[in-house]
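Data first, discussion second: the structure below is written as structure tokens.
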Amino acid sequence: MSDTPLVLVHGLWDTPALFNSLGRAIGGRREVFIPHLPHGLGVVPLEELAAALGQGIEARFGREGPIDVMGFSMGGVISRTWIQLLGGGERVRRFTSVASPQQGTWTAQPWPGRLLASVGDMKVGSDLLRRLNGDPKALEGIDCCSLYCLADVMVVPGWSAVLPVGRREALRPLHLQHHELMAHPASVAQVARELLRP
């Protein structure tokens, strides 16, 4: 069992229950913390959710000590915001981004960012993503991995779900849709292998 705790961060319209299958695949080989981050159906800005993530991590593990973080979908951008803008990078050992719109997604473009702030933050060229991509130094000392799905209909195009640093790997089977990635045995096993990597 790894001594480094693992934090799993859910995305839009999700709850910690999203990770039930992944939790079974990990099978007690890691200490796992899954905070609930209420997003008001997309109303709450991602920086507020990132601050809430940091508060939850401190409440669970204190202010020091290494952790690993995996964010799915919007949860990957929330995690990255905490890492890069709110000091989380000082304690993160590994960051795994799964099907997360790190370069934005065209599915967010039609929605009004003033009403749905978290959706607006995921638009291609949003202010938040420009800040994150413009200064990725906080990621450079972290073991980063981007797992993406070419057939994703939520993160469009699928290959844009990648961080500016680190390894990149396509999730299989290639035909899976967004939320199937956290339920299909093959993709869950692939994510679990990455999270259990020595």
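The table below gives the values:
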{"read-out": "Modelled FRET efficiency - R0 35 Å, ARG131 with LEU41, Cβ distances, 0.05 increments", "value": "0.90"}
{"read-out": "Stokes-Einstein D (µm²/s) once Rh is taken as the Kirkwood radius of the chain over alpha-carbon pairs, at 4 °C in 1.567 mPa s", "value": "79 µm²/s"}
{"read-out": "Burial ordering of LEU196, LEU41, LEU46, LEU132, fewest other beta-carbon atoms within 10 Å first", "value": "LEU41, LEU196, LEU132, LEU46"}
{"read-out": "Ellipticity estimate at 222 nm from DSSP helix runs (n ≥ 4, -39,500 (n - 2.57)) divided over the chain, nearest 500", "value": "-8500 deg cm²/dmol"}
{"read-out": "Taking GLU194, GLU169 and counting other C-beta atoms within 10 Å, the order from fewest to most", "value": "GLU169, GLU194"}
{"read-out": "Distance from the stretch 77-140 to the stretch 11-43 (C-alpha centre basis), Å", "value": "18 Å"}
{"read-out": "Taking the stretch 73-198 and dividing mean pair separation by its residue count, relative contact order in percent (alpha carbons under 8 Å, at least six apart)", "value": "25 percent"}
{"read-out": "For the chain, size of Cβ-based charge dipole, Lys and Arg +1, Asp and Glu -1, in debye", "value": "280 debye"}
{"read-out": "Distance in nm between pseudo-label sites at GLN109 and ARG63 (7 Å out along the Cβ direction from Cα)", "value": "4.5 nm"}
{"read-out": "Order of ASP135, ASP152 under a 10 Å beta carbon neighbour criterion, fewest first", "value": "ASP135, ASP152"}
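Where a number appears in this text, it was derived from the coordinates with a stated rule and is not lab data. Only a predicted model underlies this, so the values are computations on that prediction, with no experimental measurement involved. Note that we place each Cβ from the backbone using ideal geometry, even for glycine, and neighbour counts take in every protein chain shown.
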